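Here the structure comes first, spelled out in structure tokens, and everything after it is commentary.
What follows draws every value from the coordinates through simple rules; no lab data is involved. Model, not experiment: these values are computed from the prediction. Here the Cβ is made from the backbone with ideal geometry for all residues, glycine too, and neighbour counts use every protein chain on show.
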Amino acid sequence: MTTVNVPGRETSGQPAATDPASAPSGSTARARWRDRDFPRRALKHSAFLVGCSILVLILLMALIAPLIAPYDPYSQSMANRLVPPIWMDGGTWDHPLGTDGLGRDYLSRVIYGSRISLLIGTFTVVCSGLIGTTLGVLAGYFGGRVDLVINFIIMTRLTLPVIMVALAVVAIVGSSLTVVILVLGLLLWDRFAVVMRSAVMQVRNQEYVQSARALGCSTPYIIVREIMPNIFGSLVVIATFEMANAILLEAALSFLGLGVQPPLPSWGLMVAEGRNYLLFDPWLIMIPGFAIFLLVLAINLMGDGLRDILTPENRN
Amino acid sequence: MIGYLSQRLALAFLVCLTVSLITFFLLTSSGDVVSAIAGEEATPEQIAALRRELGLDAHWTVRYLEWLGNALRGDFGNSLFFRETVADLIMHRLPNTLQLAGMSLAVMLSLSLPLGMLAAFRPNTWVDRLALSIAVMGQAMPNFWFGLILMVVFALNLGWLPPSGSGTNWHFILPAIALGYYATPPVMRLTRAGMIEVLGTDYIRTARAKGLSTTRVLFKHALRNAIIPVVALTAVQFGNMLGGSVVIETVFGIQGVGYLAWESITRLDVPVVQAIMILVAIAYITLVLVSDVLNAWLDPKIRK
Amino acid sequence: MSKILEVENLRVDIPVGKQTLHAVRGISFSLSKGETLCVVGESGCGKSLTSLAIMGLLPSAAKRTADKLHFDGVDLLSASNRKMQKIRGNRLSMIFQEPMTSLNPAYTIGDQLMEVMLWHQNVTKAKAHERAVYLLEKVGITGAAKRMKQYPHQLSGGLRQRVMIAMSLMCGPTVIMADEPTTALDVTIQAQILLLLSELQREFEMGLVLITHDLGVVARIADRVMVMYAGEVVEQGTAKAVFEAPLHPYTRGLLECMPIPGKTKPGHHLGSIPGIVPSLIGEIAGCAFRDRCRHAREGCESFDRLRHDGKNHYWRCIMDEQETRGHLAKFTAGTEAAT
């Protein structure tokens with residue numbers, strides 16, 4: 001009985017070959033993920049490349065922030081308040097992006113700010129991804145009453161306004177980086193659950209899963225070995241979009257004063273602080289806002305690209 | 001159809017009930033509301049008295065049922081901060097929010113529908129690329145930042161429009177653009193995808209074979225079918241705009257429900273927050289129901 | 001009889017990457033008023049594209065050229081978009097292959113039927129409604145008034161194709177083009193629909209260009225037959241002439257594939273044509289059929305002209321009439337032997 005897994009293993013690599021129209025996107029995604037063609041296809045997708053490059057640059061910036069930041073992002077200097085950035089009149093190379101209302105070097109703050117955004121983005125996605133995938137896989141695999149209950153949970157979650165709930169929780173519990181990550185992680189799992197649920201439902205009825213079940217494989221085994229690899233592609237794509245979403249939400253929360261607290265250099269918070277100088281020094285909001293825009297743009301471009309590369313039949 | 005509808009209604013009701021329970025729990029778990037109201041110098045006796053006065057000493061189930069009973073009658077209690085009932089407070093602010101949401105919806109539709117359709121009609125041309133870049137930019141831009149940029153450029157520098165407040169219709173233009181643009185990308189993408197799919201169908205070829213003009217083929221035969229999923233998404237996006245209004249109303253100082261929510265959350269004005277959350281939930285669920293009904297109405301296959 | 005449709009040297013080219021697919025390679029034919037022309041040939045031989053090219057409904061990537069393309073006195077090659085729209089669905093209408101998907105799911109049958117008449121002709125809604133009901137009954141749909149209010153998804157494929165036929169008749173066209181109108185339908189319904197089409201054609205005295213696989217039906221309804229192979233016309237003539245004396249080996253091959261009622265015995269093997277259609281990318285020199293032809297010989301690779309017997313029977317083959325008639329005797333004998 002050494003061949004127990006063979007039918008399942010063999011077909012799982014190429015389940016979409018017979019009927020590309022009805023086959024789940026995830027299965028092809030996996031085939032493509034493993035495909036030797038993947039790098040070639042990725043290299044031809046220019047938007048994906050642009051997104052990846054920007055993201056890698058920002059990641060590097062976050063990792064070696066202490067090495068490249070010219071100043072301590074927290075050290076204030078009342079003598080050097082509101083120095084304009086280099087491209088404006090009065091700008092100096094001492095402070096290429098100028099200084100804020102408390103005389104802190106803006107470039108250093110922007111560099112350190114990338115750490116907060118990336119931290120929040122990553123941990124939120126890990127947290128929400130775990131919750132959403134678990135719920136989605138359970139609902140999709142077991143169906144019936146389990147599905148009914150989980151569907152109800154998803155619907156309830158969708159009905160709660162994310163930004164208000166997040167604001168309220170932070171207001172009650174108190175704000176810190178951890179709280180923001182936890183709140184967003186507990187709120188942003190809906191898309192994972194919805195997509196995973198339908199993906200698993202599709203995969204569940206594929207022949208190779210049926211055959212694994214017929215051969216008496218245990219449920220956890222089937223989920224981990226046969227289903228998860230096939231929905232990996234969709235998972236990666238949603239993860240990128242939710243990461244972008246989390247970064248935008250953190251920025252909004254911090255902007256509204258109920259996210260990351262001063263003096264941490266969160267980009268959203270920097271925009272909020274810059275609001276006081278809106279009339280005469282609008283660059284104070286332009287720079288951190290643009291940083292958020294660039295990071296989210298990079299992640300979205302990468303996500304769009306991954307979707308095109310991994311699941312070409314889903315492209316619209 | 002009626003069975004389906006009543007089933008959906010029952011589900012919606014259950015979801016609303018659950019949401020009310022969650023918000024109730026969430027907000028009453030913040031124990032120090034009373035001490036916050038009473039002030040720092042209040043004695044334990046005074047705090048206990050205040051708790052009794054506010055009815056906070058009873059068991060949570062009793063309080064919840066009481067709150068629910070009142071809420072069903074439209075009585076959400078009194079604001080802890082304003083000398084007004086919550087219902088009055090919200091009713092006074094609601095018109096501003098509705099005006100903002102309505103105008104944002106108009107901005108969103110007038111951007112996403114024509115651009116999405118044009119992009120589908122002329123794929124891989126400059127129109128298509130323009131539409132795509134507008135969508136990609138819109139998805140990446142924090143809406144509060146975009147709002148501030150609009151304010152800096154059109155209100156502070158050019159002086160064309162007022163920067164903040166909600167006194168006149170002019171006050172709503174910039175916020176509506178900011179909020180509408182924020183909701184545009186998904187709708188535009190779906191319009192484009194739907195149109196491309198429909199334009200490739202056999203019945204569009206039939207319509208052309210009948211000798212109809214391009215405009216008639218596009219607007220009567222293609223749009224009608226491509227619009228079905230867009231309607232559902234628009235309703236959901238309208239719901240999302242209600243959430244987005246918290247940020248945009250705060251940025252532009254519009255005296256609407258979103259701004260009220262933010263003010264009340266920062267002041268822990270629990271009755272107000274509770275009422276707004278449940279109302280937003282009801283609005284959202286109603287919109288989803290409406291989109292279902294619209295869908296059924298637009299798609300003859302579901303109608304029967 | 002006056003020529004209502006004249007096509008000369010029609011070509012359809014589709015760019016495929018850096019190469020060009022020549023889907024229709026210079027075909028010429030004409031149609032007289034009230035005549036039925038059947039176009040037969042394998043899938044992919046350019047039959048459908050020919051009809052779409054005449055209608056001006058080719059996909060935008062495809063390029064149409066011709067020496068002459070006249071319909072009822074109008075030069076379709078130079079006709080403006082607006083002029084084409086006035087002709088399409090009005091004087092020249094078309095029935096497509098896929099009845100299941102050719103009707104718009106969002107509108108009622110009645111709406112879609114009446115639309116074409118209201119669009120082209122200055123008639124009242126009541127008048128259009130009346131004509132739609134009349135035509136629905138004409139195409140054999142019972143309870144026509146009720147059907148008018150139904151949506152396409154409530155109708156079977158056969159009914160939908162009848163609706164499509166009725167729709168093509170709404171404006172009283174001079175010519176109808178039908179592109180394999182029955183391929184998607186049940187076998188039992190196929191002949192019914194084709195015969196219905198032929199009856200209506202005679203009743204309304206329209207020209208009919210019918211593209212089909214069904215040689216049995218062709219034999220019954222066609223005035224003239226045009227056989228296409230690899231984007232070219234390989235044989236053309238009156239139905240009687242082509243069926244009695246198929247002068248091109250390909251036509252004979254097609255006829256051998258067809259069971260003849262009362263002649264083909266149960267268990268008897270039908271013929272088949274070995275090999276596959278040549279690639280249509282790039283030019284084909286000489287006879288396109290030579291790789292599959294049992295009479296292929298030296299010279300086929302450069303033979304490229306249409307012979308004719310002086311009585312409107314044209315064929316494209318290196319073998320002259322005399323030699324062909326010799327094979328034909330064997331062919332008929334072969335069929336006789338099967339009896």
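For B:196-206, what's the mean count of beta carbons from other chains sitting within 10 Å of each residue's beta carbon? Kindly include the intermediate steps, with their values, before the conclusion.
Working: counts 1, 1, 2, 0, 1, 5, 9, 11, 2, 9, 15.
Per-residue shielding by partner chains comes out at 5.
Return the loop-located GluC sites (Glu not before Pro) in the stretch A:242-276 (DSSP other than H, G, I, E, B) with at most 10 other Cβ atoms within 10 Å of their own Cβ; answer none if there are none. Working shown, then result.
Values: sites: A:GLU242, A:GLU250, A:GLU273; in loops: none.
Taking the stretch A:242-276 and a limit of 10 other Cβ atoms within 10 Å, no loop GluC sites (Glu not before Pro) are found.
How do C:ILE109, A:ILE68, A:ILE54 line up, fewest other C-beta atoms within 10 Å first? Spell out each step's value before the answer.
Values: C:ILE109 26, A:ILE68 12, A:ILE54 17.
Neighbour counts put them in this order, fewest first: A:ILE68, A:ILE54, C:ILE109.
With chain B treated as a Gaussian network of Cα nodes joined by springs under 10 Å, which of B:ARG93, B:ARG224, B:ARG216 yields the largest mean-square fluctuation?
B:ARG216
Amide H of C:GLY237: which non-local residues (sequence gap of 5 or more, or other chain) have their own amide H closer than 5 Å, using H built in the peptide plane?
C:VAL225, C:TYR314
Kindly identify the protein assembly as shown as rounded, prolate or oblate by the Cα gyration tensor criterion: order the square roots of the eigenvalues as a ≥ b ≥ c, call it rounded if a/c is under 1.5, otherwise compare a/b with b/c, prolate if a/b is larger, else oblate. Can you show the working numbers first?
Details: a/c = 2.31, a/b = 2.15, b/c = 1.08.
Since a/c reaches 1.5 and a/b is larger than b/c, the shape of the protein assembly as shown is classed as prolate.
Toward the positive end of the charge dipole of the stretch C:98-170, about the Cα centre and with charges on Cβ (Lys, Arg +1; Asp, Glu -1), which of C:GLN150, C:ALA106, C:MET167 goes farthest?
Going by the Cα projections, it comes out as C:GLN150.
What would the Debye formula give as log10 I(q)/I(0) at q = 0.23 Å⁻¹ for the alpha-carbon point model of the stretch B:198-303, no solvent?
Once normalised to I(0) and log-transformed, intensities are -1.12.
If you plug each phi of the stretch B:255-267 into the Karplus form 6.51 cos²θ - 1.76 cosθ + 1.60 with θ = phi - 60°, what whole-Hz ³J(HN,Hα) values come out, in order, with x for Gly and Pro?
With the stated coefficients, the stretch B:255-267 comes to 6, x, 5, x, 5, 4, 4, 4, 4, 5, 5, 5, 9 Hz.
Non-local amide H neighbours of C:GLY207 (under 5 Å, H modeled in plane, Pro and chain starts lacking H): which ones?
Close amide H contacts, sequence-distant or interchain: C:GLY34, C:GLU35, C:VAL175, C:ILE176.
Using a cut-off of 15 Å between beta-carbons, work out the net charge of the residues near C:PRO274 (Lys and Arg +1, Asp and Glu -1, C:PRO274 not included).
Values: positive: C:ARG252, C:ARG290, C:ARG292, C:ARG294; negative: C:GLU42, C:GLU256, C:ASP291.
Counting the neighbours of C:PRO274, the net charge comes to +1.
Would you mind giving the average projected area, over all directions, of the Cα convex hull of the stretch C:36-185 in nm² with one decimal? Walk me through the numbers on the way to the answer.
On the way: hull surface 39.2 nm².
So the mean shadow area of the Cα hull is 9.8 nm².
Could you work out the helix-only [θ] at 222 nm for chain A, with each DSSP H run of four or more residues adding -39,500 (n - 2.57) and the total divided by the number of residues, to the nearest 500 deg cm²/dmol?
On the way: 14 runs with 209 residues, N = 316.
Value at 222 nm, helices only: -21500 deg cm²/dmol.
Cross-link list C:LYS3/C:LYS138; B:LYS220/C:LYS125; B:LYS301/C:LYS146; C:LYS33/C:LYS68; C:LYS33/C:LYS83: which exceed 24 angstrom alpha carbon to alpha carbon? Present the calculation step by step, with values, prior to reporting the outcome.
Details: C:LYS3/C:LYS138 28 Å; B:LYS220/C:LYS125 18 Å; B:LYS301/C:LYS146 18 Å; C:LYS33/C:LYS68 18 Å; C:LYS33/C:LYS83 21 Å.
Beyond 24 Å between Cα atoms: C:LYS3/C:LYS138.
Only four residue types carry charge here, +1 at the Cβ of Lys and Arg and -1 at the Cβ of Asp and Glu. Report the dipole size of chain C about the Cα centre in Debye, rounded to the nearest 20. Write out the running numbers ahead of the final one.
Details: 40 positive and 35 negative charges, 145 e Å.
The calculation lands at about 700 debye.
Of all beta bridges DSSP finds with both residues in the protein assembly as shown, what is the antiparallel percent, to the nearest 5? Each step should come with its number before you reach the end.
On the way: 33 of 51 bridges.
Of the beta bridges lying entirely in the protein assembly as shown, close to 65 percent run antiparallel.
GNM, chain C, Cα, under 10 Å: largest mean-square fluctuation among C:VAL139, C:VAL187, C:VAL209?
Result: C:VAL187 has the largest fluctuation of those listed.
Treating the beta-carbon of each Lys and Arg as +1 and of each Asp and Glu as -1, no other charges, what is the dipole magnitude of the stretch B:94-303 about its Cα centre, to the nearest 20 debye?
Working: 13 positive and 8 negative charges, 204 e Å.
Rounded to the nearest 20 debye, it is 980 debye.
Check cross-link reach from C:LYS18 to the lysines: straight Cα distance under 17 Å, and skip same-chain residues fewer than eight apart.
Leaving aside lysines fewer than 8 places away in the same chain, those within reach of C:LYS18 are C:LYS63.
Which value in Å is the Kirkwood Rh of the stretch A:166-271 over different Cα pairs? Kindly include the intermediate steps, with their values, before the conclusion.
Working: mean 1/r = 0.0620 Å⁻¹.
This gives a value of 16.1 Å.
Within the P(r) computed for the stretch A:49-131, what percentage of the Cα pairs occupies the region above 21 Å? Let's see the in-between values first.
Numbers: 1432 of 3403 pairs.
Distances greater than 21 Å cover 42 percent of the Cα pairs.
Per the helix-only calculation at 222 nm, which mean residue ellipticity applies to chain C, given -39500 (n - 2.57) for every DSSP H run of n ≥ 4 and division by its residues, nearest 500 deg cm²/dmol? Please report the intermediate quantities before stating the final value.
Working: 11 runs with 116 residues, N = 339.
The helix contribution divided over chain C gives -10000 deg cm²/dmol.
Check C:MET94: other-chain or 5+ apart residues with amide H under 5 Å from its amide H, H built from backbone geometry?
C:GLY89, C:MET177
Relative contact order of chain C: what whole-number percent is it, with Cα pairs under 8 angstrom and at least 6 residues apart? If you can, show how the numbers build up before the last one.
Details: 610 pairs, mean separation 66.5, N = 339.
Value for chain C: 20 percent.
Which is farthest toward the positive dipole end of chain A among A:PRO70, A:GLN261, A:ILE309, measuring Cα position about the Cα centre, with Cβ charges +1 (Lys, Arg) and -1 (Asp, Glu)?
Result: A:ILE309.
Which of rounded, prolate, oblate describes the stretch C:47-134, given a ≥ b ≥ c as roots of the alpha-carbon gyration tensor eigenvalues and a/c under 1.5 marking rounded, otherwise prolate only if a/b is larger than b/c?
Values: a/c = 2.67, a/b = 1.56, b/c = 1.71.
The shape class here is oblate.
Taking other Cβ within 10 Å of each residue's Cβ, how do B:TRP60, B:TRP67 sort, fewest first? Before the final figure, lay out the partial values.
Details: B:TRP60 13, B:TRP67 22.
Going from sparsest to densest Cβ surroundings: B:TRP60, B:TRP67.
Report P(r) for chain A: all Cα-Cα distances, bin width 10 Å, range 0 to the bin holding the largest distance, values in whole percent.
Answer for chain A: a P(r) of 6, 23, 27, 21, 14, 7, 3, 0, 0 percent.
Mind sorting B:LYS301, C:LYS138 by how few other Cβ atoms lie within 10 Å of their own Cβ, fewest first? It would help to have the intermediate numbers written out before the result.
Values: B:LYS301 12, C:LYS138 19.
Neighbour counts put them in this order, fewest first: B:LYS301, C:LYS138.
Could you list the trypsin sites (Lys or Arg not before Pro) in the stretch C:28-85 that lie in coil according to DSSP, counting only those with at most 15 other Cβ atoms within 10 Å of their Cβ?
Working: sites: C:LYS33, C:LYS47, C:LYS63, C:ARG64, C:LYS68, C:ARG82, C:LYS83; in loops: C:LYS33.
Listed in order of number, the matching sites are C:LYS33.
Assign unit charges at the C-beta atoms only (+1 for Lys and Arg, -1 for Asp and Glu), then state the dipole size of the stretch A:160-316 relative to its Cα centre in Debye, rounded to the nearest 20. All intermediate terms of the calculation are to be shown ahead of the outcome.
Working: 8 positive and 10 negative charges, 77 e Å.
Around 380 debye, computed over the stretch A:160-316.
Comparing B:THR85, B:THR286, B:THR201, which has the greatest mean-square fluctuation in the GNM of chain B with Cα pairs linked when under 10 Å apart?
Among B:THR85, B:THR286, B:THR201, the largest GNM mean-square fluctuation belongs to B:THR201.
Which loop trypsin sites (Lys or Arg not before Pro) in the stretch C:149-216, with loop taken from DSSP, have no more than 15 other Cβ atoms within 10 angstrom of their Cβ?
The qualifying sites are C:LYS149.
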